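Where a number appears in this text, it was derived from the coordinates with a stated rule and is not lab data. No experiment lies behind these values; they were computed from the predicted model shown. Backbone-built Cβ (ideal geometry, glycine too); neighbour counts: all protein chains shown.
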Amino acid sequence: MAAAFLPPSLITVIWGFIGIVCPLFAKGPNKGIIQCCLMLTAACCWLFWLCCYMTQMNPLIGPNLSRHSILIIAKEWGNEITNTTTT
């Protein structure tokens, strides 16, 4: 169970550092814009990662290939399947 808790925690800490700590070191005349960009970047990247991570945890649908598609893929990858139909 701890293995499933580690990746979200680690990524949250990394993006939290970028979004909270890094803006404190911004300098120059555009300090506010740089801080805003860093915080928005961190929030958007973390949210995108979280959505992708959670989607892969329990996918709603799997691949649905027709027999013809499987035969074409097998042929292209060098594992040609003989088309034997039993009647």
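Of the DSSP H helices in the chain, those with a Cα length along their own long axis of 18 Å or more and a mean Kyte-Doolittle hydropathy reaching -0.5 comprise 2-16, 31-57. Exposure proxy shown here: for 75, 27, the number of other Cβ atoms within 10 Å sets the order, fewest to most, as 27, 75.
Measuring spread by the Cα atoms of the chain yields a radius of gyration and Dmax of 23.4, 79 Å.
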